[in-house]
Each structure stands twice: as structure tokens, then as C-alpha cells.
1. Considering only residues that are closer than 21 Å to T113 by Cβ and aliphatic (A, V, I, L, M), look in the range 154-169 and name the one that is surrounded by the fewest Cβ atoms within 10 Å (Cβ to Cβ).
2. Could you list, in sequence order, the residues of the range 218-246 that are modelled with pLDDT of 90 or more and of a type in the set (D, E, K, R)?
3. Can you tell me which residues in the range 231-258 are among the polar types (S, T, N, Q) and assigned to a helix (DSSP H, G or I)?
4. Could you say whether any residue in the range 198-217 is modelled with pLDDT under 80 and either under 24 Å from N161 (Cα atoms) or hydrophobic (A, V, I, L, M, F, W, C) (or both)?
5. Scan the range 112-151 for residues that are crowded, with 18+ Cβ neighbours inside 10 Å and in a loop (DSSP other than H, G, I, E, B) and jot them down.
6. Criterion first (farther than 16 Å from L156 by Cα and buried (at least 21 other Cβ atoms within 10 Å of the Cβ)) does I60 satisfy it?
7. Only one residue in K63, K40 is charged (D, E, K, R) and over 30 Å from K131 (Cβ atoms). Which one?
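The values are calculated or read from the model by the stated rules, or taken from the named source; none is laboratory data. Predicted model, so just to flag it, every value in this text is computed and none were measured. Here Cβ is always computed from backbone atoms with ideal geometry, including for glycine, and neighbour counts include all displayed protein chains.
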Amino acid sequence: MIEISSLSKSYGRHLAVDKISFEVTRGDIVGFLGPNGAGKTTTLRMLTGFLPPTSGAARIAGKDIFRESLEVRRRIGYMPENVPLYVDMRVKEYLRFRGALKGLSGSRLRKRTAEVMETCGLTDVRRKMIKTLSKGYRQRVGLADALIHEPDLLILDEPTNGLDPNQIRAIRKLIQNLGDKHTILLSTHILSEVEMTCNKVVIIDGGKVKAADTPSNLVSSMRQAGRVTVELQTPKNEVEPIISSFDEVTRVVGETLQDGWNRFTVFAAPKTDTRLKIGNLAAEKKWPLRALSRRVGTLEEVFVELTRKD
């Protein structure tokens, strides 16, 4: 659905996007992540035709974003971070107006207006002026606008920005449902939303792609992913040398707890799990064992690990 190859954008001497490359497969829900100023919004604006790239290439549904810009726009539904709405229009009126601008007319326009209002939960407020709606409902109107012409690809820039937790949950569920029919590229700062919604993640920092993979693969490959904690009633000088001899183990740190037990933190290579070895070792040596757990990472920790400056 999206093919990006060495795409760059410069503003004078400032290189906002630096030769990024990644692909999005049809049907994917992709989280597009990065700190402020990383180049996310610039990338989205290039993909949607609002900005021309300085160099490189990108194709959407097989169409070149520069040479076939109009064809690309017909296949995209774009919801910017700050949704521009005509607040003095009613919801239904606005959506019919926007649908007409996108080439719909007659019975198809009426049908699509009713369908997107139903999909986005706007039917009950269809006669209300947009200026009277809450922020959550305005976001829904913006999403309905992006959907009305049945695009192949939805590009959503911070769709839950400024919403309360209940509104965020409602928009999250809506996006998950839309993933059954659309490819979605989702830019957001709420990493927990990405973990629950997306099947692929692209992390960008300093205008460069730092990672592109599934959330689970990114978490399992982080530096701390192999860390195991074990609590034993055995002297540290007996345990540490043996566990340290395991091939995948890089370091063992022991500490004595107040009740006399010892807690050992075992640092090992990513994508390894030493729990079975440690459990078998404790049984063989008859070491009293009361806890054995593996560190479970989060996408937030992956994000920090890839983008921190220290």
C-alpha cells in the first residue's frame, strides 16, 4: 500500500526528513512514532501531497505521490492533528459538502453520508451545529470526513489529541474497527494506544527511521528484554559465579533482602530466556527458590531506548 524509498525533505539548511525508507502492507494498522520534531508530520504531509519531497520517492497504491498526486489523493483519507472544520455548519450538512468536494453525488453521496455517520457514532448529532460539539465529537466528524470517499488508506495524525480517557477509548475502538476495511497509518504520542491498536510500528527520530517491526519483536529485541530476576536462599558467592558462566549471560547482580533471602538480577542477551536453566540449576543444587521472573518490556521503553539522547 505504501512504498517509501530514500524520501527526504529540506527546509533550507534544515534536513527535516533524511532518506527514510519503509513499507506498509495493505490491511496493516501502523503506528508512526517519534519525538517532537522528528519529522513525522512532514512525512505525512509529503505522503498526502501537501508538501513536495526534496528527493527520494514514495508510492501509494502503486501511484507516485509527486507525478500522480491527484490519483494518490483519491486513495487517501487524511485527518490532520488539528481538524479544520466549518463550525457554522451542521454535521450532516458538512459531511455532504465534503463528500461533494471529493467527487460524490446523488444517491452515493447520501448513502456514504449516512454510512460514515453511523460508523463514527454521529447519527444522533447529525443536525447539531459543529461549534456546539465536544472535542471528541469534532474528532469523529474529522474522521468521518476522511472516510466518506471510501479511501484505501487512512492517515491519522494524533487522532486522540486533547481527548479525555473515555473519548480516547472510543476513538481507539473505532480505529480498530476501521482496520478491517482500511490500511491505517497512525501518528500518535500515546504508546499504549499503539500497543493495543497497531500490528506494526515505525519509529523515526532526527528525520531517520530507527526501527520498523511488530511491537512484540521490538520489545523482545530491546537491551533489557533478556533480564531475569530470581530470589534464592543461597549465598551470593555460590550463585553468582555459576549463573555468570551461562553463554548468554552478561552480568549478575545480587542483593540481600531484609528477610535474609538474596535477589539476583541476571542480565542476558535480548531474545533469550534463562529461566529454565536457572530453575533446573536451583533444583539440581537444592537451592531454596521462591521467585523467578523475566523482565517484560513495553513499547514505551523501546521508544525511549531508541530516541534518548544520553
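1. Here is the first cut: in the range 154-169, the ones closer than 21 Å to T113 by Cβ are 154, 156, 159.
Then keep just the ones that are aliphatic (A, V, I, L, M); that gives 154, 156.
Working: L154: 23, L156: 26.
The residue in question is L154.
2. E231, K236, E238, E240, listed by residue number.
3. Kept after step one, since they are among the polar types (S, T, N, Q), are these residues of the range 231-258: 233-234, 237, 244-245, 250, 256, 258.
Answer for the range 231-258, where residues must be among the polar types (S, T, N, Q) and assigned to a helix (DSSP H, G or I): N237, S244.
4. Looking through the range 198-217, none of the residues is modelled with pLDDT under 80 and either under 24 Å from N161 (Cα atoms) or hydrophobic (A, V, I, L, M, F, W, C) (or both).
5. C120, L122, L133, I148, H149, P151, listed by residue number.
6. Numbers: farther than 16 Å from L156 by Cα: no; buried (at least 21 other Cβ atoms within 10 Å of the Cβ): yes.
So I60 does not fit the description; no.
7. Working: K40 fails: over 30 Å from K131 (Cβ atoms).
Criteria check complete, one pass: K63.
Matching residues to (1) over 17 Å from the mean Cα position of the chain (by Cα); (2) in contact (Cβ under 8 Å) with a residue 12 or more places away in the chain:
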{"residue": "K181", "(1), (2)": "yes, no"}
{"residue": "T188", "(1), (2)": "no, yes"}
{"residue": "T197", "(1), (2)": "no, yes"}
{"residue": "V202", "(1), (2)": "no, yes"}
{"residue": "Q233", "(1), (2)": "yes, yes"}
